[in-house]
Amino acid sequence: MKLIFLGPPGAGKGTVSVKAALTFGVPHISTGDIFRDAIRHGTELGHAVKDLIDAGQLVPDELTVDLVRERLDEPDAARGWMLDGFPRTIPQAEALDAFRPEDRVIDFAIDDAIVIARLSGRRVCPRCGASFNVVSMPPKEEGRCDACGGKLETRVDDREESVRSRIEVYRERTAPLIGYYERKGTLVRVDADRPAPLVLADVLALAGSL
Ligand code: AP5
Ligand code: MG
């Protein structure tokens, strides 16, 4: 099972793909999570990408492709994977095609106004990566992660100016992938403007049919 999760920032890709990957026992690979982890640990990669990510800009293709290639070569990815937030540009998609083509691309279709509202309410756990929302998915205890008890934070790139540039970058550089995968015949769309359990149910049905 090799699935790509495509869609604008805040569409719910992370929320749904983490659970889908657990259900099917394949790794959930999020380039955004890998970069944030590197920033948190102060690694060389973290220093290289921090300013770009905080400003809502993309990390260069070559660096991102090399990182994903290495990750997909790890033994746990031999049976399949769920890629969340990669590819995000045509050159990234072409690179993936050349070394590990996908079975399906799930495009999370949703309006800008809804993603802006979701991102302003998002709170994330820096310890385990779980994602909550003060409006639609509040944690049981305010400010604490349900999964590990970590102190919830707001992502730096969920500030208004960064959100705006992430949406612009998505329209210019990532949305063309919808046509790319449509032509390739692997694209499936889900209506992401519904409660997360309904979106997840569609994704599980689709993945289960592969
Ligand atoms: P990344 O981490 O991938 O961020 P993103 O694409 O901007 O997506 P988000 O994580 O913001 O949204 P999501 O769709 O996962 O939504 P979530 O489930 O959290 O990338 C971050 C940065 O890293 C990029 O800007 C770039 O700089 C860099 N980067 C990453 N990959 C790269 C690449 N391939 N190339 C170059 N650079 C790269 O949900 C959002 C909120 O809504 C949460 O609060 C959640 O609780 C809530 N929610 C989710 N689903 C629902 C629902 N159905 N109903 C109501 N609320 C919901
Ligand atoms: Mg995400």
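At-a-glance table
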{"read-out": "Matching residues, the range 182-210, being away from ligand 2 (no atom under 16 Å from the Cβ), in a strand (DSSP E or B) and either in contact with a Lys or Arg (Cβ under 6 Å, 6 or more places away or on another chain) or among the β-branched types (Val, Ile, Thr) (or both)", "value": "VAL188"}
{"read-out": "Long-range neighbours under 6 Å by Cβ, at least six apart or interchain, first residue open to solvent by 60 Å² or more (accessible area, probe 1.4 Å) within the range 161-190, second modelled with pLDDT of 95 or more and not in a helix (DSSP H, G or I)", "value": "ARG173/THR89; ARG189/ASP107; ARG189/ALA109"}
{"read-out": "Unmet criterion (only one of (1) more than 7 Å from ligand 1 (Cβ to nearest atom); (2) within 16 Å of the chain's Cα centre (by Cα)) for GLU141", "value": "(2)"}
{"read-out": "Test: residue in the range 66-79 that is surrounded by 15 or more Cβ atoms within 10 Å (Cβ to Cβ) and within 7 Å of ligand 1 (Cβ to nearest atom)", "value": "no"}
{"read-out": "Criterion violated by THR89 - all others in (1) in contact with a Ser or Thr (Cβ under 8 Å, 6 or more places away or on another chain); (2) farther than 26 Å from ILE39 by Cβ satisfied", "value": "(2)"}
{"read-out": "From ARG88, ARG36, ARG69, residue being among the charged types (D, E, K, R) and at pLDDT below 95", "value": "ARG36"}
{"read-out": "Tally of residues being surrounded by fewer than 15 Cβ atoms within 10 Å (Cβ to Cβ) and outside any helix (DSSP H, G or I) across the range 81-100", "value": "0"}
{"read-out": "Inter-residue pairs, beta-carbon under 6 Å, first in contact (Cβ under 8 Å) with a residue 60 or more places away in the chain and of a type in the set (Gly, Ala, Ser) and in the range 9-30, second in a loop (DSSP other than H, G, I, E, B) and more than 8 Å from ligand 1 (Cβ to nearest atom), 6+ apart", "value": "ALA11/ILE110"}
{"read-out": "Given (1) part of a strand (DSSP E or B); (2) at pLDDT below 95, index of the condition CYS128 fails", "value": "(1)"}
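The values are calculated or read from the model by the stated rules, or taken from the named source; none is laboratory data. This structure is a prediction, so every number in the text was calculated from the model and none was measured. Positions of Cβ are backbone-derived with ideal geometry, glycine not excepted, and every protein chain shown enters the neighbour counts. Accessible surface is based on the protein model in full, side chains and every heavy atom, while ligands, DNA and RNA are left aside. Shrake-Rupley method; radii C 1.70, N 1.55, O 1.52, S 1.80 Å.
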